[in-house]
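Chemist: Below you will find the structure I want to go over with you.
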Amino acid sequence: MANSAWSEKVLRLLRRMNNFYLPVSNRENCLRFKIGEAQIGWIPPHVASLLERFPEVFSPPHDGAVSLCHSLDSYEKRSEAMDAVLQTLRQEGSLPCLKGWRDEKYSVMPKFSDPPLMWIERAATCLFGVKQYGVHLNGYTVSSSGEVSMWLARRSPTKQTYPGLLDNVAAGGLSAGFSIKQTLVKECQEEACIPAAIAEKACPVTTVSYTYEDEEGVYAETQFVFDLELPLDFKPIIGDKEVQEFYLLSMDKVKDLLATEDFKPNCAMVVLDFLIRHSFIEPDTVPCYQEFVAGLHQTLE
């Protein structure tokens with residue numbers, strides 16, 4: 001595929017994953033979600049109308065914002081009140097995303113370095129546009145002649161999200177109480193049977209950030225990205241049945257796949273970042289190079 005056509009297809013992916021910033025987005029109609037003076041998310045209109053039924057938890061909209069009530073003045077009180085609201089909405093079945101309830105607690109804070117203000121069920125994060133964090137691993141090999149290949153996973157056809165699409169060799173969301181590196185090592189073992197002794201050698205290299213919206217809500221996500229050179233004789237093994245197959249592919253093949261619909265979108269972004277950092281695509285030969293870099297590092301304020 002010619003570089004111009006390839007670049008345009010990848011650029012469309014980045015625009016899709018950052019569509020909350022586009023003029024045609026629903027951002028102007030969303031309400032800022034606040035705890036005290038701190039903004040922690042964005043609430044879509046269809047969610048804001050439901051929250052009016054819970055005045056003991058959410059204050060009425062004011063100056064374009066909805067806040068948790070001031071009486072909820074601790075991590076525990078906020079978390080318990082939010083969980084009670086979500087359990088009610090889940091039982092009513094009016095919000096499709098809650099049908100994918102995972103019993104995973106995600107920490108909520110203005111910035112990753114801030115102390116958590118509460119936790120929220122993972123499936124509900126998009127309803128409040130709170131920032132989500134995860135880890136993604138680029139697992140690759142280098143042959144004796146210097147040729148780089150990358151391990152990719154094919155997601156299980158029974159996955160709740162993006163079934164059957166290509167994924168990084170290991171990845172997962174950052175649950176409350178787990179560090180970034182702990183999550184990485186855990187996901188490596190669970191998804192690809194990569195021993196901790198190997199996984200712990202992975203190097204943190206960057207973050208990939210983006211914000212998109214769909215009919216369910218707002219997804220403000222940051223992925224902590226690691227690179228790991230795997231031994232040539234190592235082969236990932238399916239662990240927790242979230243993967244149906246692993247492939248070791250040349251970087252040319254991986255690059256071509258990025259311009260297809262075969263990749264889970266945020267995983268495609270992580271791989272695109274790898275291609276940039278390791279000079280498999282360069283600014284002199286790839287149109288939109290600068291737009292690629294910018295699109296991989298959009299942060300929501």
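Chemist: How big is segment 27-127 along each principal axis, measuring the range of its Cα positions in Å and listing the largest first?
Modeler: Taking the Cα atoms of segment 27-127, the three principal extents are 32, 27, 25 Å.
Chemist: Find the Rg to Rh ratio for segment 158-262, where Rh is the Kirkwood radius over alpha-carbon pairs and Rg uses the same atoms.
Modeler: Using only Cα positions, Rg/Rh for segment 158-262 is 0.95.
Chemist: Expected output is a single nm value to one decimal: the length gained when fully extending between residue 159 and residue 261, i.e. 0.36 nm times separation in residues minus the C-alpha distance. What is it?
Modeler: Values: separation 102, 0.36 × 102 = 36.72 nm, distance 1.69 nm.
Contour length minus Cα-Cα distance gives 35.0 nm.
Chemist: Among the listed pairs 99/181; 34/77; 9/111; 77/159; 77/105, which are separated by more than 21 Å between their Cα atoms?
Modeler: Details: 99/181 30 Å; 34/77 15 Å; 9/111 32 Å; 77/159 33 Å; 77/105 15 Å.
Pairs exceeding the cut-off: 99/181; 9/111; 77/159.
Chemist: How much length is gained on full extension from residue 91 to residue 28, taking 0.36 nm per residue of separation minus their Cα-Cα distance? Please report the intermediate quantities before stating the final value.
Modeler: Numbers: separation 63, 0.36 × 63 = 22.68 nm, distance 2.99 nm.
Value of the extension gain: 19.7 nm.
Chemist: Related question: Please list log₁₀ I(q)/I(0) at q = 0.13 Å⁻¹ for segment 1-64, using the Debye equation with identical point scatterers on the alpha-carbon positions.
Modeler: Log10 of I(q)/I(0), two decimals: -0.52.
Chemist: Using only Cα atoms, tell me the angle between helix 265-277 and the longest principal axis of the chain; keep it within 0 to 90° and round to the nearest 10.
Modeler: For 265-277 against the chain, the angle is about 50 degrees.
Chemist: Next up: Angle check, please: helix 3-17 long axis (alpha carbons) against the longest principal axis of the chain (alpha carbons), in degrees 0 to 90, nearest 10.
Modeler: 20 degrees
Chemist: Karplus couplings for segment 72-88 from phi (6.51 cos²θ - 1.76 cosθ + 1.60, θ = phi - 60°), rounded to Hz, Gly and Pro as x?
Modeler: 8, 9, 8, 4, 5, 5, 5, 5, 5, 5, 5, 4, 5, 4, 5, 5, 5
Chemist: Another one. For the residues 193, 203, what sequence is obtained by ranking on other C-beta atoms within 10 Å, fewest first?
Modeler: On the way: 193 15, 203 10.
Placing the least packed residue first, the sequence is 203, 193.
Chemist: What is the magnitude of the charge dipole of segment 183-254 about its Cα centre, with +1 placed on the Cβ of each Lys and Arg, -1 on the Cβ of each Asp and Glu, and no other charges, expressed in debye to the nearest 20?
Modeler: 440 debye
Chemist: Principal axis lengths of segment 30-89 from Cα atoms, whole Å, largest first?
Modeler: Computed over the Cα atoms, the extents are 26, 26, 16 Å.
Chemist: Taking only C-alpha pairs under 8 Å that are 6+ residues apart, what is the relative contact order of the chain in percent?
Modeler: On the way: 563 pairs, mean separation 63.3, N = 301.
It comes to 21 percent, rounded to a whole number.
Chemist: May I ask for the angle, rounded to the nearest 10°, between helix 180-192 and the longest principal axis of the chain, with both axes built from Cα atoms and the value confined to 0 to 90°?
Modeler: Computed tilt is about 60 degrees.
Chemist: Right, another one. Take the Cα coordinates of segment 227-301, assign each an equal point scatterer, and use the Debye formula without solvent to give log10 I(q)/I(0) at q = 0.12, 0.28 Å⁻¹.
Modeler: Summing over Cα pairs of segment 227-301 leads to -0.43, -1.50.
Chemist: Based only on Cα atoms, what Rg/Rh ratio does the chain have, Rh being taken as Kirkwood's radius?
Modeler: Values: Rg = 20.1 Å, Rh = 20.4 Å.
Dividing the radius of gyration by the Kirkwood radius yields 0.99.
Chemist: Could I ask something else about it? Per DSSP H run of at least 4 residues, take -39500 (n - 2.57); add these up for the chain, divide by its residues and hand me the 222 nm value, nearest 500 deg cm²/dmol.
Modeler: -8500 deg cm²/dmol
Chemist: Thinking of segment 149-201 as a set of Cα atoms, what percent of all their pairs are more than 13 Å apart?
Modeler: In whole percent, the share of Cα-Cα pairs in segment 149-201 beyond 13 Å is 62.
Read-outs: derived from the displayed coordinates by stated rules, not from any lab. Predicted model, so just to flag it, every value in this text is computed and none were measured. For neighbour counting, all protein chains shown are included, and Cβ atoms are generated from backbone atoms with ideal geometry for every residue, glycine included.
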